[in-house]
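The values are calculated or read from the model by the stated rules, or taken from the named source; none is laboratory data. The shown structure was predicted, so the numbers you read here are calculated from the model rather than taken from an experiment. Glycine gets a Cβ as well: all are built from the backbone with ideal geometry, and neighbour counts include every protein chain shown. Heavy atoms of the whole protein, side chains included, go into the accessibility calculation; ligands, DNA and RNA do not. Shrake-Rupley method; radii C 1.70, N 1.55, O 1.52, S 1.80 Å.
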Amino acid sequence: MRVIASSIRKGNVIEQDGKLYVVVSAENIHPGKGTPVSQIEMRRISDGVKISERYKTTDQVEKATIEERNFTFLYEDGDGYHFMNPETYDQVQVSKDVVGDAAAYLQPEMTVKLSTHDVNVVSLALPQRVTLEVVETEPVTKGQTASSSYKPAVLSNGVRTTVPPHIAVGTRIVVMTEDGSYSERAKD
């Protein structure tokens with residue numbers, strides 16, 4: 001299926017020169033003069049090589065047909081990450097290079113969306129937000145109200161982020177999985 005380059009988003013799979021690439025990042029650039037372009041960084045699925053391409057926003061790009069399904073994360077071992085289809089109970093193993101940075105946010109029983117082409121898993125989409133516990137941060141300072149000054153913190157999955165001054169060690173917070181940023185205090 002051919003689509004214009006400006007419609008390509010992170011996680012899409014495109015076909016180029018007979019090879020499949022998963023889009024790592026896609027940015028539409030509109031310079032003051034000249035033609036708008038789409039800067040697309042991709043990872044070749046077969047061997048993991050990253051390439052960067054620049055297309056005119058109106059150029060046609062071949063988008064591969066991908067099947068997306070929800071899977072439940074089970075566990076990680078030396079071979080990779082294991083997921084289960086909740087409808088058929090079939091288990092799928094996904095390699096570490098496909099999971100990439102998303103590995104830090106995977107939690108047991110978490111539902112993720114796996115994209116497959118033929119029978120190969122090509123990309124993984126996490127839920128937008130996850131709840132994690134703050135395991136390390138500076139102590140709460142008395143009299144310091146919730147202003148725009150954020151302080152550094154380490155979460156239970158090892159990811160570093162910044163949190164408002166009123167967040168203490170042991171507090172459960174909601175974090176955006178795309179960039180690890182603080183969203184809100186957990187309701188539970």
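When segment 18-47 is examined, which residues are found to be open to solvent by 40 Å² or more (accessible area, probe 1.4 Å) and in contact (Cβ under 8 Å) with a residue 60 or more places away in the chain?
45
What about residue 53, is it part of a strand (DSSP E or B), modelled with pLDDT of 85 or more, open to solvent by 40 Å² or more (accessible area, probe 1.4 Å) and out of contact with any Asp or Glu (no Cβ under 9 Å at 6 or more places or on another chain)?
On the way: part of a strand (DSSP E or B): yes; modelled with pLDDT of 85 or more: yes; open to solvent by 40 Å² or more (accessible area, probe 1.4 Å): yes; out of contact with any Asp or Glu (no Cβ under 9 Å at 6 or more places or on another chain): no.
For residue 53, the condition - part of a strand (DSSP E or B), modelled with pLDDT of 85 or more, open to solvent by 40 Å² or more (accessible area, probe 1.4 Å) and out of contact with any Asp or Glu (no Cβ under 9 Å at 6 or more places or on another chain) - is not met.
Every residue, every condition in (1) open to solvent by 30 Å² or more (accessible area, probe 1.4 Å); (2) modelled with pLDDT of 90 or more; (3) within 14 Å of the chain's Cα centre (by Cα), yes or no:
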position	(1), (2), (3)
66	yes, no, no
71	no, yes, no
75	yes, yes, no
109	yes, yes, no
117	yes, no, no
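Look at segment 14-41 and say how many of its residues are in contact with a Lys or Arg (Cβ under 7 Å, 6 or more places away or on another chain) and over 13 Å from residue 59 (Cα atoms).
Of the residues in that region, 9 qualify.
Can you tell me how many residues in segment 119-152 are under 19 Å from residue 11 (Cα atoms), open to solvent by 50 Å² or more (accessible area, probe 1.4 Å) and at pLDDT 90 or above?
Of the residues in that region, 2 qualify.
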